[in-house]
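Reviewing the structure listed below.
The values are calculated or read from the model by the stated rules, or taken from the named source; none is laboratory data. Keep in mind it's a predicted model, so treat the numbers as computed, not measured. No Cβ is skipped: glycine too gets one built from the backbone with ideal geometry, and neighbour counts run over all protein chains shown. SASA here: full protein model, heavy atoms, side chains in, ligands and nucleic acids out. Shrake-Rupley method; radii C 1.70, N 1.55, O 1.52, S 1.80 Å.
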Amino acid sequence: MKVSKAQQRQETIAKLLEIAREHFSTQGYIHAATEDMVKEAGLTRGALYHHFGNKEGLFRAVLESVQKEIAEQVETEAAKSQDPWEQLLNGCRAFVTSAVEHRNRRILLIDGPSVLGWEAWRKMDEEHSMQLLQAQLQNMAEQGYLAAVPIEALTHLLSGAMNEAALWIAQMPDQAHSLEQMTRAMTLMLEGYRVK
């Protein structure tokens, strides 16, 4: 069966993104060489430039794929419960757990903001993880689970707390223990907003 040009294009992009993700996560943006990435993918530099424009464009695409993957993991974990509070806590824990994974943390939390700039990084974060968080909080407020609080402000507060918690956990020798501590602390913090 003949593969269409569109399929070939998608396969090329997916292959390059996966290889680039590995290079960016292990070497960091600065030290990751596009020559090595295209060589490993069996492509030319022209293919990289054609699909992504430049190294920064490739990194942006990798970061976006990481953001989407984490958002999917958050949704999957949140959906394991019917209770809105458990959904919220499951989603928060899933975000932090996914963010500290070796193949995500450097791309998402360190190089993402520094390479793209805070404004672009925050916009991307808002389009993925924060959007899910805000929808969950809005839904909980409408159902009477949350005290009267500005949802947008609470969304940013929790998002910032989770990003900082992920950076902290990533540096700790016992990440599992640190994740448990973060979960306990976040649960206690959120209890202050709980109505039912």
Grab the chain and count how many Lys pairs have their alpha-carbon atoms under 22 Å apart, sequence gap of 8 or more, or different chains. 12
On a 0 to 90 degree scale, rounded to 10, what angle separates helix 131-142 from the longest Cα axis of the chain? 20 degrees
Kirkwood-type radius of segment 12-100, with distances r between different C-alpha atoms, in Å: 14.4 Å
Cβ-derived FRET efficiency at R0 41 Å, GLU142 paired with GLN27, nearest 0.05: 0.35
Dipole of the chain, positive direction: furthest Cα of ALA165, HIS31, GLY53, with charges on the beta-carbon: GLY53
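Around ALA79, with a cut-off of 15 angstrom between Cβ atoms, what is the net charge of the other residues, counting Lys and Arg +1 and Asp and Glu -1? The partial results should precede the final answer.
Numbers: positive: LYS80, ARG93; negative: GLU72, GLU75, GLU77, ASP83, GLU86.
With Lys, Arg at +1 and Asp, Glu at -1, the neighbours total -3.
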Mean accessible area per residue over the chain (1.4 angstrom probe, all protein chains present, square angstrom) is 54 Å²
D for the chain, whole µm²/s, Stokes-Einstein with Kirkwood Rh over alpha-carbon pairs at 4 °C and 1.567 mPa s: what number? 71 µm²/s
Helix-only CD estimate at 222 nm, as mean residue ellipticity for the chain, using -39500 (n - 2.57) per DSSP H run (n ≥ 4): -24500 deg cm²/dmol
If you line up the long axis of helix 151-171 against the longest principal axis of the chain, both from Cα atoms, how many degrees apart are they, to the nearest 10? 60 degrees
Only Lys, Arg, Asp and Glu count, each charged at its Cβ (+1, +1, -1, -1), so figure out the dipole size of the chain about its Cα centre, rounded to 20 debye. 520 debye
How far, in nm, would the chain grow between GLU11 and GLN171 when pulled straight, counting 0.36 nm per residue and subtracting the alpha carbon separation? 54.1 nm
Highest mean first, how do 157-165, 141-149, 10-18, 104-112 rank when packing is the count of other Cβ atoms within 10 Å averaged over residues? 104-112, 157-165, 10-18, 141-149
Once the Cβ-Cβ distance between LEU157 and GLU35 is put in as r, and R0 is 45 Å, what FRET efficiency do you end up with, to the nearest 0.05? 0.55
Please provide three numbers in whole Å: the alpha-carbon extents of segment 81-139 along the principal axes, with the largest listed first. 38, 24, 9
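Please state the charge dipole magnitude for segment 25-126, taken about the Cα centre, from unit charges on C-beta atoms (+1 on K and R, -1 on D and E), reported in debye and rounded to the nearest 20.
Charge dipole of segment 25-126: 300 debye, to the nearest 20.
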On the accessible surface of the chain, probed at 1.4 Å, how many percent belong to carbon and sulfur atoms? 53 percent
